[in-house]
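Report on one structure; see the data block that follows.
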Amino acid sequence: MDFSSLFGVAAIIGGVALLTSLRILFEYQRGVVFRLGRLTRAKGPGLIFLVPFGIERMKKMDLRIVALDIPPQDTITKDNVSVKVNAVVYFRVTDPSKAVVEIEDYYFATSQLAQTTLRSVIGQSELDDLLIERDQVNRVIRDIIDEGTNPWGIEVTAVEVKDIDLPQEMKRA
């Protein structure tokens, strides 16, 4: 094997390594980079270079606001009225490194926290307060969820109670 063929093989391997090491991230994305399993930092947006051959790996994170629908929750209010309540939670990732490292699935965890918080806050409220003071209920739920998701790098921007479904007996009354 002569020097020119050896140089050609090395150039091909180097070209393939260079092409597989480049990533493009959009403005709303960040890449959390791990070098040999250890967190280095979040990179992006734009053209990102990773050390080839699996030494550096990247997990893409979306920083846009997510609208999370909370399915209807059967709860009992403070004045013992059974209601079915559903809501929407708007949140976004503020620290992509924490969202990857601190929790396995931030979307599922935020959903579960929102469901339990919704049931808890409705259980501490009276029916009249739910119907009249909906903005206050939304604010309390948002603050509790935001406090719980803050260590994960998640910011809850808004919570909106969509529907409060009363039992048929209460509607007639």
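The values are calculated or read from the model by the stated rules, or taken from the named source; none is laboratory data. From a predicted model like this one, the values you see are computed outputs, not experimental measurements. Heads up, the Cβs are rebuilt from the backbone with ideal geometry, glycines too, and the neighbour counts pull from every protein chain shown. Surface areas here come from the heavy atoms of the whole protein model, side chains and all, with no ligands, DNA or RNA. Shrake-Rupley method; radii C 1.70, N 1.55, O 1.52, S 1.80 Å.
Scanning the stretch 154-173 for residues that are in contact with a Lys or Arg (Cβ under 7 Å, 6 or more places away or on another chain) and under 16 Å from Y90 (Cβ atoms), we see that the one that is surrounded by the most Cβ atoms within 10 Å (Cβ to Cβ) is V159.
For the stretch 101-121, the criterion of being of a type outside the set (F, W, Y) and in contact with an Asp or Glu (Cβ under 6 Å, 6 or more places away or on another chain) is satisfied by no residue at all. Kindly indicate whether R64 is farther than 21 Å from T117 by Cα and assigned to a loop (DSSP other than H, G, I, E, B). When the stated conditions are applied, R64 passes them.
If only residues of the stretch 123-140 that are more than 15 Å from D163 (Cβ to Cβ) and β-branched (V, I, T) are counted, the one that is most open to solvent (accessible area, probe 1.4 Å) is I132. Within the stretch 79-125, the set of residues being closer than 15 Å to Q136 by Cα and free of Cβ contacts under 8 Å to residues at least 40 places away in the same chain comprises T117, S120, V121. When the residues of the stretch 27-84 are filtered to those that are surrounded by fewer than 16 Cβ atoms within 10 Å (Cβ to Cβ), touching a strand residue (DSSP E or B) at 6+ places or on another chain (Cβ under 9 Å) and among the aromatic types (F, W, Y), which remaining residue is farthest from T94 (Cα to Cα)? Going through the qualifying residues, I end up with F49. Taking the condition loosely packed, with under 15 Cβ neighbours inside 10 Å and assigned to a helix (DSSP H, G or I), does T20 pass? It is true that T20 is loosely packed, with under 15 Cβ neighbours inside 10 Å and assigned to a helix (DSSP H, G or I).
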